[in-house]
Amino acid sequence: MIKIIKNRQGRKQVSGFYFLGIDFYRLFLNLLLLSTFGFLAWFGIKLFGEHAFDAVIGSVVFILSFVFFIWLWRHTKRNRWRSPGMKLTVVCLIALFVVTAFAGVQPMAGYKNETFSRITTAWDNWQSEQEQRRIVEENRKAAEEVEAEQKEEKRAEFDKAINDLTSPELVAEYMKNNVSYDYEKYQEWLTGDFYWGFDTPEEVFNGKKTNCGGYAIFALYSLLNAGYNYDNFEKNRTNAAVILGSMGLDYHDVHTVLLYVEDSLFYIIDLDEIKGPFETIEDAATASLSTWITYYFYDIDTEVTKTVGKKISEEERSLLLGKQVVRLVNIIRKERGSSELVWDDKLYEYSLAHTKDMAAQRRLFHTNMNKSYAGVIWIVRAPKPSELDLEPPEITASDLELETPPRCPKCETEIEQSRSFWGGYVWKCVKCGFHKRNSDSYYREEERARKIAKRDWEVYKAQTRH
């Protein structure tokens, strides 16, 4: 039926189709507004989430639908004086959906069953996750308990082993039989750029592999437990120990040992070997690392308690560098089971002279370019490049120079020259007594030897280019 009612402004207005107290025009507006909102949600998901429609056409449809929804919402708002209201409409729709769903009416019953199935699945999954978390937590606690028990057992074994090590000899013997040097990590340290610090005594005991610092700290811990004192040897001159770290010319030229004193004499435990006695700490440091220029004392917490350094000349620096090379080579030879190289001062002098010769000629070679001509040795030199040259120029044959006077073929001492009574010249070595007669002076022979050196250099350069 049609009713004449007053709106909120007090004006008379014809209502829509009115039946049983329900304004079906308002009901239509409510249902249309809810349907439009549902369409916007569904279409937005399909368009922007699943890309199910063409982007241009879908965007146009979505915008038009949104504009229509805004207009419909405003129109419905202007008719809010009508009944039923939006809240009542939504409640009635929900109630209708629930009743029909439980009454078995399709498709609401299917929606209800699917919803309940999802809720049940989510609940089961949540309970399963909680159960899994409970099991994981119980396993973690059990693992922690087992780990704690194992730590206690290892700690008891560690304490027992330490208590049996009551002297430096027993400590060195134990490390010889139970600890090995970690050569693999040493190679990584040589080629890498990381700090290879001290292992703890327990880490050395359990891991069985360590570096020189690990050997030293295990030995210090054992001797302190046996009653030795930690000291810089300023108070105690017997039964005292400290970690001695020596450092040479660079970061990798380092070594660490255990230094202890008995009856005013010093000894070191170098890895698993006892060396000594030594009169001074400097002697012990030299036995530990012959190339040392600084040594440090470390306590059981690896804190530095004393530092001592020494000044060195360029000659000493060159000597230490050579000894460092030999020491590093010996570490690799020892790892591979080869015998160690022994330092020889005479060979060092020869190698240093050869190195200087290569530097003077600005090239690497096993045999030098010195020429044997006219029964003597001629030293061949190349000009030294300027320090300002970023790229030194290439040496040509015309750059070569020969030293005058020549050298003795036996001892390489400079030759003395004097005129002979019978004509010609006498060349004589004042060191070994070598002498010979020659028709021309060595100044004339130097010109001939230079020609030979130039030609040999040309041949050498031609070979190296190919």
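Table: residues versus (1) under 24 Å from residue 279 (Cα atoms); (2) more than 21 Å from the chain's Cα centre (by Cα); (3) without any contact (Cβ under 8 Å) to a residue 24 or more places away in the chain.
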{"position": "196", "(1), (2), (3)": "no, no, yes"}
{"position": "210", "(1), (2), (3)": "no, no, no"}
{"position": "213", "(1), (2), (3)": "yes, no, no"}
{"position": "220", "(1), (2), (3)": "yes, yes, no"}
{"position": "236", "(1), (2), (3)": "yes, yes, no"}
{"position": "239", "(1), (2), (3)": "yes, yes, yes"}
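Only residues that are among the hydrophobic types (A, V, I, L, M, F, W, C), in contact (Cβ under 8 Å) with a residue 24 or more places away in the chain and under 29 Å from residue 202 (Cβ atoms): list them for the stretch 282-303, please. Selection gives 284, 285, 289, 297, 300. Taking the conditions (1) assigned to a helix (DSSP H, G or I); (2) of a type outside the set (A, V, I, L, M, F, W, C); (3) open to solvent by less than 80 Å² (accessible area, probe 1.4 Å) in turn, residue 277 satisfies each one other than (1).
If we scan the stretch 142-163, do we find a residue that is among the β-branched types (Val, Ile, Thr), out of contact with any strand residue (DSSP E or B) (no Cβ under 6 Å at 6 or more places or on another chain), under 30 Å from residue 268 (Cα atoms) and open to solvent by 70 Å² or more (accessible area, probe 1.4 Å)? No, the stretch 142-163 contains no residue that is among the β-branched types (Val, Ile, Thr), out of contact with any strand residue (DSSP E or B) (no Cβ under 6 Å at 6 or more places or on another chain), under 30 Å from residue 268 (Cα atoms) and open to solvent by 70 Å² or more (accessible area, probe 1.4 Å).
Please indicate, with yes or no, whether at least one residue in the stretch 333-346 is more than 22 Å from residue 255 (Cβ to Cβ), at pLDDT below 85, out of contact with any strand residue (DSSP E or B) (no Cβ under 6 Å at 6 or more places or on another chain) and small (Gly, Ala, Ser). Outline the logic, then answer.
Initial filter on the stretch 333-346 (more than 22 Å from residue 255 (Cβ to Cβ)): 346.
Now narrow it down to the ones that are at pLDDT below 85: 346.
Filter once more, keeping what is out of contact with any strand residue (DSSP E or B) (no Cβ under 6 Å at 6 or more places or on another chain): 346.
Of the ones still in play, those that are also small (Gly, Ala, Ser) are none.
The answer is no; no qualifying residue exists.
The set of residues from the stretch 312-359 being in contact with a helix residue (DSSP H, G or I) (Cβ under 8 Å, 6 or more places away or on another chain), open to solvent by 60 Å² or more (accessible area, probe 1.4 Å) and in a helix (DSSP H, G or I) comprises just one member, 335.
Does residue 95 fit the bill of being in contact with a helix residue (DSSP H, G or I) (Cβ under 9 Å, 6 or more places away or on another chain) and surrounded by 10 or more Cβ atoms within 10 Å (Cβ to Cβ)? Considered against the rule, which asks whether it is in contact with a helix residue (DSSP H, G or I) (Cβ under 9 Å, 6 or more places away or on another chain) and surrounded by 10 or more Cβ atoms within 10 Å (Cβ to Cβ), residue 95 comes out as no.
For the stretch 237-248, indicate whether the set of residues that are part of a loop (DSSP other than H, G, I, E, B) and open to solvent by less than 10 Å² (accessible area, probe 1.4 Å) is non-empty.
Quick first cut of the stretch 237-248, residues part of a loop (DSSP other than H, G, I, E, B) only: 237-239, 248.
Still in the running and open to solvent by less than 10 Å² (accessible area, probe 1.4 Å): 248.
Checked the stretch 237-248: at least one residue is part of a loop (DSSP other than H, G, I, E, B) and open to solvent by less than 10 Å² (accessible area, probe 1.4 Å).
Look at (1) within 23 Å of residue 239 (Cβ to Cβ); (2) modelled with pLDDT under 90 and you find that residue 151 fails only one, number (1).
Scan the stretch 227-257 for residues that are of a type in the set (Gly, Ala, Ser) and under 16 Å from residue 299 (Cα atoms) and jot them down.
Going residue by residue through the stretch 227-257, those that are of a type in the set (Gly, Ala, Ser) are 227, 240-241, 245-246, 248.
Answer for the stretch 227-257, where residues must be of a type in the set (Gly, Ala, Ser) and under 16 Å from residue 299 (Cα atoms): 227, 240, 241, 245, 246.
The values are calculated or read from the model by the stated rules, or taken from the named source; none is laboratory data. Keep in mind it's a predicted model, so treat the numbers as computed, not measured. All Cβ positions, glycine included, derive from the backbone under ideal geometry; neighbour counts span all protein chains shown. Note: accessible area is taken over every heavy atom of the protein model, side chains too, but ligands, DNA and RNA are not part of it. Shrake-Rupley method; radii C 1.70, N 1.55, O 1.52, S 1.80 Å.
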